[in-house]
Amino acid sequence: MIWIYLLIKSANLIQKIQSIKRKIQTIIKFVKNLFQKLRELKFTKSTTSSLASINLLILRDTLTEKSTIGRLFLNGELLCDTLELPYRDNQKSISCIPTGQYKVRLRTAKESATRHYLHLLIEDVKDRSYILVHIGNFPADTKGCILVGIGAEQDRVNNSTLAMELLVKEILNLGGTNINLIIKNK
């Protein structure tokens, strides 16, 4: 009798192990694809001079009470997802910035008390200052800035550090200056 019980427990355990194995294989495939994208960018050479414009476009397409999800394009190519706070009349620390056109520049870690990596500063935002593009996953990670990620869900972006590294690497490959941003609602 006990051997039947042990046989059933073993069968259940084998099923759980197989399920975990499938999940691990999916995660490994995802990570391999991310590393492949990173390797491709690593060997990308700049095809434009540093005087050429770098054009960023954010298309906001999912609005909830807690966040605004969008997609970020670099020179017409989809690069990553974005997460911002909902629009609340451009109020400091609780609203995303208005749609429109902005100048952007790279901002070093030495210029920031809170960001210890290269990130972006959006300049000349009406009635606002220090609007950044930086790492974070949830609305609580931003006080009006733009978070980047690869993969988005409701009120969340994923793989934010990787997305930030890809964005900065591409901008640097294109010269790192003369960066323009257009933000539109879909």
* Phi-based couplings in Hz for the range 143-152 (Karplus 6.51, -1.76, 1.60; Gly and Pro marked x) -> 10, x, 7, 10, 9, 10, x, 10, x, 9
* Asked: Given just the C-alpha atoms of the chain, how large is their convex hull per residue in cubic angstrom?
  -> 158 Å³
* Could you point to the residue in 10, 73, 99 farthest towards the positive end of the chain's charge dipole, with +1 and -1 charges on the Cβ of Lys/Arg and Asp/Glu respectively? => 10
* To do: Multiply the residue gap between residue 63 and residue 172 by 0.36 nm, knock off their C-alpha separation, and tell me the result in nm, one decimal place.
  => 36.1 nm
* Structure fact -> Compactness summary of the range 114-169: radius of gyration and Dmax from Cα atoms, Å, are 11.3, 31
* Helix axis angle, 160-173 relative to the chain longest principal axis, alpha carbon, degrees -> 40 degrees
* Dipole of the chain, positive direction: furthest Cα of 172, 85, 58, with charges on the beta-carbon -> 172
* Asked: For the Cα atoms of the chain, what angle does the longest principal axis make with the long axis of helix 2-42, in degrees from 0 to 90, nearest 10?
  -> 20 degrees
* Structure fact -> In debye to the nearest 20, the charge dipole size for the chain, taken about the Cα centre with +1 at each Lys and Arg Cβ and -1 at each Asp and Glu Cβ, equals 680 debye
* To do: Would you mind checking which residues have amide H under 5 Å from residue 79's amide H? H placed 1.01 Å from N; only 5 or more apart, or other chain.
  => 72, 73, 74
* Residue-averaged 222 nm ellipticity for the chain, from DSSP H runs of 4+ at -39500 (n - 2.57), nearest 500 -> -10500 deg cm²/dmol
* Output the relative contact order of the chain, whole-number percent, from Cα pairs under 8 angstrom with separation of 6+ residues. => 25 percent
* Find how much the distance from residue 182 to residue 28 grows on full extension, using 0.36 nm per residue of separation minus their present alpha carbon separation; answer in nm with one decimal. => 51.9 nm
* Enumerate the calculated ³J(HN,Hα) couplings along the range 82-96 in order (Karplus 6.51 cos²θ - 1.76 cosθ + 1.60, θ = phi - 60°), each rounded to whole Hz, writing x wherever the residue is Gly or Pro. => 10, 9, 9, 6, x, 7, 10, 6, 6, 6, 4, 6, 10, 9, 6
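FYI, it's all coordinate maths here, none of it is from the lab. All values reported here derive from a predicted model rather than from experimental measurement. Positions of Cβ are generated from backbone atoms using ideal geometry, with glycine treated the same way; all protein chains shown enter the neighbour counts.
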